[in-house]
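The next block holds one structure in the form of structure tokens; read it before the comments.
Where a number appears in this text, it was derived from the coordinates with a stated rule and is not lab data. Only a predicted model underlies this, so the values are computations on that prediction, with no experimental measurement involved. With ideal geometry, Cβ positions are generated from the backbone for all residues, glycine too; neighbour counts draw on all protein chains shown.
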Amino acid sequence: MKVWSGKLDCSFTGKTRWELHKELWFKSKEICKNHDTWKKLGVKVGKPTDEYARVYAPKGLDTDLASIPRLVWFIISPWDIARPSVIHDVLYDALRKALKDKTLDEKTIEKLRFSADQVFVEAGQQTDPPVAKWRIKLSYLAIRAFGDAAIRKDGILQD
């Protein structure tokens, strides 16, 4: 079963930013658990089939690929987890917007954040060439530790 639309096709636009030249999708089991909510939040998700649904990153998406400080690139390079990170960015962008617009309560945001992080792990386990499991686990731990701040960036919902 094909789980990725293909290779990442993007170009550097400056200062850690990249723009997708073509749509990227990942076929996920995890996305099915909250399919309707993600769709209501504006995430392009395909209709679930056989316990899987596609989640899409649109052409033209502005992304930083993986938010990994250059200092630790010798452990995990942004290229190691670039495609999972792009899909994860799409989900976090939707959560960021939901917080700003106050369309979801805190409990639902945290539930969906956990789901987005699980999609990242699932996607990381399906990369080609494969990414070492310890790199995916370390990336996941960093996302869990710092992801909340990423969603709430720019002072959104901070007192």
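Descriptive notes on the structure:
- Taking 16 Å as the straight-line reach from the Cα of LYS97, the aspartates and glutamates in range (excluding those fewer than 8 positions away in the same chain) are ASP62, ASP89, ASP105, GLU106, GLU110, ASP148, ASP154.
- Seen from a random direction on average, the alpha-carbon convex hull of the stretch 67-106 projects onto 3.6 square nanometres.
- Restricting the stretch 45-117 to GluC sites (Glu not before Pro) in coil, as DSSP defines it, with at most 16 other Cβ within 10 Å: GLU51
- Set LYS7/LYS107; LYS39/LYS100; LYS59/LYS153; LYS22/LYS137; LYS29/LYS107; LYS40/LYS107 screened for pairs whose C-alpha atoms are more than 26 Å apart: LYS7/LYS107; LYS22/LYS137
- Charge dipole magnitude, Cβ of K and R +1, D and E -1 - the stretch 10-154, Cα centre, debye nearest 20: 100
- Paired Rg and Dmax values of the chain, which use every Cα atom, in angstrom: 14.9, 47
- Averaging the sequence gap over all C-alpha pairs within less than 8 Å and six or more residues apart, then dividing by the number of residues, gives the chain a relative contact order of 20 percent.
- Projected area, mean over directions - the stretch 50-90, Cα convex hull, nm²: 3.8
- Most mobile listed residue (ARG144, ARG96, ARG83) in the chain, GNM with C-alpha springs under 10 Å: ARG144
- Rg and Dmax of the stretch 93-159, both derived from C-alpha coordinates alone, stand at 13.6, 43 Å.
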